[in-house]
Amino acid sequence: MTLSPHLTEWVYSLGQQEQLLAVSAHSDYPLQAAKLPVVADYNGVDIKAIVRLNPDLILAWDGGNKPQDIARLKALGFNVFLSSPRKPADISREIRRLGTQLGVSDAAEAVTRPFDEGLEGLQEQYQQRPFTKVFYYMWAQPLMTIGSAAWANSLLSVCGADTVFSDSPVVYPQVSIQEVIRRQPSFIIAASGRPLSAEKAFWDSHRSVLDTPLIQVNPDITSRFTLRLLPELTRICEALHPA
């Protein structure tokens, strides 16, 4: 049983999907996962449903699921695997740990090795370059960006880049367009599912004072801690450092 979409993907990556009893809301990759019963969403965990299903193992997100829900499940005697990725390298490390828990260590090693090799290649390629300042945002209204401790900034770091709001004491600060203009980022990254034309239109009236390339990324990939991240991260790095 999984309580976060990224954990659902991990189970599928390990080929253990037949063991899944239920998942969290938004577990939509692979598509088959969306057919499973849902026992968790942004409101919390459905404790009664979990007790009724009585899983042998619950995969939870430490930092995403409510601490009181995790504590309640443990108090009820459930075996809870906690995931807490802080940087991209943690993805493969935790998948291997889960593979050991599920008795499929060889499968975990096989699926994570290409990810590790690709990630190391990106770091070697871009770490020696001067850091590029980036304005990364998830919502336009209100305009929400990232501080230095945000997950997305750990992605930028792999590419030799950093959030232009690295001095923010808040992990996900709300900012004004005027402040973005004042800081003059070298690139703007929109983590948005809206059409690219809509993102461009949002910035069009400011182009005379902020003539900065706009890059769009898939938030369903960049905000989830899964092996699908590597191709998207490669694309980000290449966009931030054009040949």
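The values are calculated or read from the model by the stated rules, or taken from the named source; none is laboratory data. None of these values were measured; they are calculated from a predicted model. Methodologically, a virtual Cβ is constructed for each residue, glycine included, from the backbone with ideal geometry; neighbour enumeration extends over all protein chains shown. Side chains are part of the model used for accessible areas, which takes the heavy atoms of the whole protein and leaves out ligands, DNA and RNA. Shrake-Rupley method; radii C 1.70, N 1.55, O 1.52, S 1.80 Å.
With a 1.4 Å probe and all protein chains left in place, how much accessible area per residue does region 189-243 have, in Å²? Numbers along the way, then the final one.
Numbers: 2590 Å² over 55 residues.
Counting only protein heavy atoms, the per-residue value for region 189-243 is 47 Å².
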Item to check | Accessible area in the full protein assembly, largest first, 1.4 Å probe, for Tyr12, Tyr42, Tyr136 | outcome: Tyr42, Tyr12, Tyr136
Next on the checklist: Starting from 0.36 nm per residue, how many nanometres of slack lie between Asp204 and Arg93 once their C-alpha separation is accounted for?
Outcome noted: 35.8 nm
Next on the checklist: Order 97-109, 141-153 from most to least packed using the mean count of other Cβ atoms within 10 Å.
Outcome noted: 141-153, 97-109
Next on the checklist: Out of the trypsin sites (Lys or Arg not before Pro) in region 179-213, which ones are loop residues according to DSSP with at most 14 other C-beta atoms within 10 Å?
Outcome noted: Arg207
Checklist entry - In nm, to one decimal, how far is the modelled label at Phe131 from the one at Asp41, with both set 7 Å along Cα→Cβ? => result 4.0
Checklist entry - Count of lysine pairs in the chain with Cα atoms under 27 Å apart, counting only pairs 8 or more residues apart in sequence or on different chains? => result 10
Item to check | Accessible area per residue in Å² at 1.4 Å probe, computed on region 63-180 | outcome: 49
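Where the accessible area of the chain is counted over protein heavy atoms with a 1.4 Å probe, how much of it, in %, is carbon and sulfur? Let's see the in-between values first.
Numbers: 6170 of 12030 Å².
Heavy-atom surface of the chain belonging to carbon and sulfur, 1.4 Å probe: 51 percent.
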Checklist entry - When the C-alpha atoms of region 54-131 are aligned to their principal axes, what extent does each axis show, in angstrom, from largest down? => result 50, 31, 10
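Counting each pair of different Cα atoms once, what's the Kirkwood radius of region 1-118 in Å, rounded to one decimal?
Numbers: mean 1/r = 0.0695 Å⁻¹.
One over the average 1/r among Cα pairs gives 14.4 Å for region 1-118.
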Item to check | Percent of beta bridges antiparallel (DSSP, the chain, rounded to nearest 5) | outcome: 25
Checklist entry - On the first, second and third principal axes, largest extent first, how far apart are the outermost C-alpha atoms of region 125-217 in Å? => result 35, 27, 26
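For Ser186 and Glu117, what does the FRET efficiency come to when R0 = 30 Å and r is the distance between their Cβ atoms, rounded to the nearest 0.05? Before the final figure, lay out the partial values.
Details: r = 29 Å, r/R0 = 0.95.
So the FRET efficiency works out to roughly 0.55.
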Checklist entry - For the chain, what value does the Rg/Rh ratio take when both radii are computed over Cα atoms and Rh is the Kirkwood radius, given to two decimals? => result 1.01
Next on the checklist: In 10 Å bins starting at zero, report the fraction of Cα pairs in region 63-106 per bin as a rounded %.
Outcome noted: 25, 40, 32, 2
